[in-house]
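Colleague: Got a structure for you, written out below as structure tokens; questions coming shortly.
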Amino acid sequence: EGPRLRCTGVRRHVPRAAVALPHLPQAVAVRAGDLVHVGGLGARQANASDAFATLGHVLNAAGSRLNLTMQCHFFVREGSQMSSLFAGFKACFNDGVGFPPPARAEFTGPVLNECQTCAVAIKCVAAVAEV
């Protein structure tokens, strides 16, 4: 019999607060400790510029900023749309808020059930801004 692996972890209580944005009902942000998790941002523009603008508003409301974004996942309907997404990502993070951009991962397939006209769906994690 080969070696056995056992995974253990420590869970500590992290205060959470949902950020309500009545003008952006599709945007969901949860602040947990020093992190802000944003999910469910649908982009109708192929380069996701509309979702990046929304992301900036959501992060600001949750106590963070675009330049504190650490990681994003992008869900694109078709692989052929990836170059447009890369152009929007570069415009927002490399050219807009400065280097280094957040880590990213891209996936193709279904985007958002709630938004059949969305080309891209985004979820990101950012640090909370120091006060």
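The values are calculated or read from the model by the stated rules, or taken from the named source; none is laboratory data. Computed from a predicted structure; not experimentally measured. As a convention, Cβ positions derive from the backbone with ideal geometry for all residues, glycine included, and neighbour counts pool all protein chains shown.
Colleague: Among all residue pairs at least 6 apart or on different chains, which show Cβ distances below 6 Å where the first residue, located in the range 66-81, is within 12 Å of R104 (Cβ to Cβ) and the second is of a type in the set (D, E, K, R) and crowded, with 16+ Cβ neighbours inside 10 Å?
Modeller: The qualifying pairs are C72/R104; H73/K123; F74/E106.
Colleague: Restricting attention to the range 10-40, and to residues there that are closer than 14 Å to V125 by Cβ and in a loop (DSSP other than H, G, I, E, B), which single residue is modelled with the highest pLDDT?
Modeller: D34
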